[in-house]
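Novice: Sharing a structure with you now.
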Amino acid sequence: MARRPVAVFAIAPWAFGGVFPSDLVTRLRQLVDIDPATTFTSFEGPAAAAALAEAEILVTGWGCPRIDDRVLAAAPRLRAIVHAAGTVKAGIDTVVFERGLVVSSAAEANAVPVADYTVAMLVLGAKQVFTRARRYAAAVEGEPKDWLSGDGTGLNGRTVGLIGASRVGRHVLRRLRAFDVEILLYDPYVSAAEAARLGAEPVSMDDLCRRSDLVTVHAPALPETRHMLDARRLDLLPDGAIVINTARGSLIDTEALTQACATGRISAILDVTDPEPLPPGHPLFAMPNVLVTPHLAGAQGRELRLLGEFAVAEVSRLLGGAPLLGRVEPEQLAYIA
């Protein structure tokens, strides 16, 4: 029987069980020689050194130490990093690519729950569920409960503007085909022809803000995307518009958004903020037209196994010589989320 490649887990214990339940560990061990009892969150010490010396594949996840030239020097046989989570941007040094290692990320799998969450928020936001629920709960006894009035609510016939045709953005676009909505897209890297194939009208950022009833943000956090939605652009939004952010908090100017939402003119649904978390007592927490959630749109709970399934399938493709579906190229590090 041919010797199986040696693999090593580098993932936080709190994440391991959800990402790699026992059946996935069994499938992975049929492909590689890996010890599920050992998951490294530090590459310091003799145990880590011994594991790295033999490792051909690192199976990583949340809690993995940064992989740099020092780690690579201790891992002369290493040829691939399979990341069972989203972005690898902060976790690997460019030297990884310089040495010719193959890198894969489960960002595509993680995009699925984020897209589902986003569409759910579009539906609930357009129905003004959160604002109306708060008013319903706070109604004074003897007064009518504010739950019947739905004039002007609902997603049907609305204009939805997407900022960024990222993995998540493209999943959202596909899901929105089930709704009777007009879709606008701002993404300077997407041609008009590709936008049409995605079912969206390509527009400038300012035009998107002027025309959209709901704006959902799906761009990466880069110097040039910081505060894409600033005070000027927030002022362009029509009255009653809703801003949804499941991407990165820095894409929106928090102070400007706070001021705009305080007037009641627009609303916001924020799964990410800048800073994150917001300080206790921040005004956004108390506004009836704002919902702030603790960065939970990505894989959580039962969704975590999606990441493990993707990673195990990637290891299988790697060993079988098939193209990796989550392969990360070196030039992508500059602009991925």
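Novice: Given 0.36 nm per residue, what is the gain on full extension from Glu44 to Ala322 after removing their alpha carbon distance, in nm?
Specialist: Working: separation 278, 0.36 × 278 = 100.08 nm, distance 3.35 nm.
Fully extending the segment from Glu44 to Ala322 adds 96.7 nm.
Novice: Would you please name the chymotrypsin sites (Phe, Trp or Tyr not before Pro) within segment 178-209 that are DSSP coil residues with at most 10 other C-beta atoms within 10 Å of their C-beta?
Specialist: For chymotrypsin sites (Phe, Trp or Tyr not before Pro) across segment 178-209 that sit outside H, G, I, E and B with at most 10 neighbouring Cβ atoms in 10 Å, the list reads Tyr189.
Novice: With a cut-off of 8 Å between alpha carbons and a minimum separation of six or more residues, what is the relative contact order of segment 23-80 in percent? Before the final figure, lay out each step's value.
Specialist: Working: 40 pairs, mean separation 20.2, N = 58.
Answer for segment 23-80 is 35 percent.
Novice: Just the number, please: percent antiparallel of the DSSP beta bridges in the chain, rounded to the nearest 5.
Specialist: Working: 1 of 39 bridges.
Approximately 5 percent, going by the DSSP bridge assignments.
Novice: Using the alpha carbons of segment 29-105, what is the convex hull volume per residue in cubic angstrom, as a whole number?
Specialist: Looking at segment 29-105, the number lands at 90 Å³ per residue.
Novice: Moving on. Of all the accessible heavy-atom surface of segment 204-250, with the other protein chains kept in place and a 1.4 Å probe, what percent is carbon and sulfur? Could you put the intermediate results ahead of the total?
Specialist: On the way: 860 of 1790 Å².
Ligands and nucleic acids excluded, carbon and sulfur reach 48 percent.
Novice: Taking 0.36 nm per residue of separation and subtracting the Cα-Cα distance, what length does fully extending Asp23 through Leu236 add?
Specialist: That pair, Asp23 and Leu236, stretches by 71.5 nm at full extension.
Novice: Can you tell which of Gly281, Leu155, Thr258 lies farthest toward the positive end of the dipole of the chain, using +1 and -1 charges on the Cβ of basic and acidic side chains (Lys, Arg; Asp, Glu)?
Specialist: Leu155
Novice: Could you tell me what % of all Cα pairs in the chain have separations over 36 Å?
Specialist: In whole percent, the long-distance tail amounts to 30.
Novice: Further, regarding this structure: Can you pull out the GluC sites (Glu not before Pro) in segment 67-166 that DSSP calls coil and that have at most 13 other Cβ atoms within 10 Å?
Specialist: Glu141
Novice: Just to be sure I understand: with springs between alpha-carbon atoms less than 10 Å apart, which residue in His218, His295, His83 has the highest mean-square fluctuation in the Gaussian network model of the chain?
Specialist: Its mean-square fluctuation being the largest, the pick is His295.
Novice: Further question: Val292's amide H: which non-local residues (gap 5+, or another chain) put their own amide H closer than 5 Å, with H modeled 1.01 Å from N in plane and none for Pro or chain starts?
Specialist: Excluding prolines and chain starts, which carry no amide H, the hits are Leu270.
Novice: How much length, in nm to one decimal, is gained on full extension between Leu222 and Thr153, taken as 0.36 nm per residue of separation minus their Cα-Cα distance?
Specialist: 21.4 nm
Novice: Additional query: Based on the alpha-carbon set only, what is the convex hull volume of segment 226-291 divided per residue, in Å³?
Specialist: Details: hull volume 4.7 nm³, N = 66.
Roughly 70 Å³ of hull volume per residue.
Novice: Could you give the DSSP H helices of the chain that reach 24 angstrom or more along their long axis (alpha carbon positions) and whose average Kyte-Doolittle hydropathy is no lower than -0.5? Provide the component values of the computation, followed by the final result.
Specialist: Details: long enough: 107-126 (28 Å, 1.13); 304-320 (25 Å, 0.95).
TM-like helix candidates: 107-126, 304-320.
Novice: Please list Lys127, Lys89 in order of solvent-accessible area, largest first, computed with a 1.4 Å probe with all protein chains present.
Specialist: Order by accessible area, largest first: Lys127, Lys89.
Novice: If you roll a 1.4 Å probe over segment 1-160 with all protein chains in place, what percent of the accessible area is carbon or sulfur?
Specialist: Details: 4280 of 7720 Å².
Carbon plus sulfur share of accessible area: 55 percent.
Novice: While we're on this one: Nothing charged except the Cβ atoms of Lys and Arg (+1) and of Asp and Glu (-1): what's the magnitude of the dipole of the chain about its Cα centre? Round to the nearest 20 debye.
Specialist: 720 debye
Novice: Moving on to the next point. If Thr87, Thr118 are ordered by their accessible area, calculated over protein heavy atoms with a 1.4 Å probe, which sequence runs from highest to lowest?
Specialist: Descending accessible area places them as Thr87, Thr118.
Novice: Between Arg327, Arg99, Arg158, find the one with the highest GNM mean-square fluctuation for the chain; connect C-alpha pairs within less than 10 Å.
Specialist: Top of the fluctuation ranking is Arg99.
Novice: Could you tell me, in Å, what Rg and Dmax come out for the Cα atoms of segment 1-157?
Specialist: Both quantities, over Cα of segment 1-157: 23.7, 78 Å.
Novice: Run lengths n ≥ 4 of DSSP H only: what is the helix-derived mean residue ellipticity at 222 nm for the chain, with -39500 (n - 2.57) per run over all residues, to the nearest 500?
Specialist: Computed mean residue ellipticity for the chain: -10000 deg cm²/dmol.
Novice: What dipole magnitude, in Debye to the nearest 20, does segment 151-274 give about its Cα centre under +1 on Lys/Arg Cβ and -1 on Asp/Glu Cβ?
Specialist: Here the size comes out at about 440 debye.
Novice: Does segment 184-256 come out rounded, prolate or oblate by the C-alpha gyration tensor, with a ≥ b ≥ c the root eigenvalues, rounded set by a/c under 1.5 and, if not, prolate when a/b is larger than b/c and oblate if not?
Specialist: Note, shape of segment 184-256 comes out oblate.
Novice: Here is a further query. Let's see if you can work this out: charge +1 on each Lys and Arg Cβ, -1 on each Asp and Glu Cβ, no other charges. What is the dipole magnitude of segment 257-321 about its Cα centre, in debye to the nearest 20?
Specialist: 120 debye
Novice: If you don't mind, another one. In 10 Å bins starting at 0, how do the alpha-carbon pair distances of segment 41-80 split up by percent?
Specialist: 31, 65, 4
Novice: Still on this model: Give the long-range amide H neighbours of Asp33: residues separated by 5 or more places, or on another chain, with amide H under 5 Å away, using H modelled in the peptide plane at 1.01 Å from N.
Specialist: Residues meeting the criterion, in which the H sits 1.01 Å from N, are Val6, Ala7.
Novice: Accessible area, 1.4 Å probe, largest first: how do Asp230, Asp33 sort?
Specialist: Of Asp230, Asp33, the descending order of accessible area is Asp33, Asp230.
Novice: For the chain, what is the relative contact order in percent, using Cα pairs closer than 8 Å and at least 6 residues apart in sequence?
Specialist: Relative contact order here is 17 percent.
Novice: Would you work out which of Pro323, Ile92, Leu52 lies farthest towards the positive end of the dipole of the chain, given +1 charges on the beta-carbon of Lys and Arg and -1 on that of Asp and Glu, about the Cα centre?
Specialist: Towards the positive end, the residue furthest out is Pro323.
Novice: Take the alpha carbon gyration tensor of segment 175-311, find the square roots of its eigenvalues, order them as a ≥ b ≥ c, and report rounded if a/c is under 1.5; if not, report prolate when a/b exceeds b/c, else oblate.
Specialist: Verdict is oblate for segment 175-311.
Novice: Now for a different question. Any idea of Thr94's accessible area? Nearest 10 Å², probe 1.4 Å.
Specialist: Counting only protein heavy atoms, Thr94 exposes about 80 Å² to solvent.
The values are calculated or read from the model by the stated rules, or taken from the named source; none is laboratory data. This one's a predicted model, so the numbers in the text were calculated from it and none came from an experiment. Reconstructed Cβ throughout: ideal geometry from the backbone, glycine too, with neighbour counts over all protein chains shown. Side chains included, ligands, DNA and RNA excluded: accessible areas come from the protein's heavy atoms. Shrake-Rupley method; radii C 1.70, N 1.55, O 1.52, S 1.80 Å.
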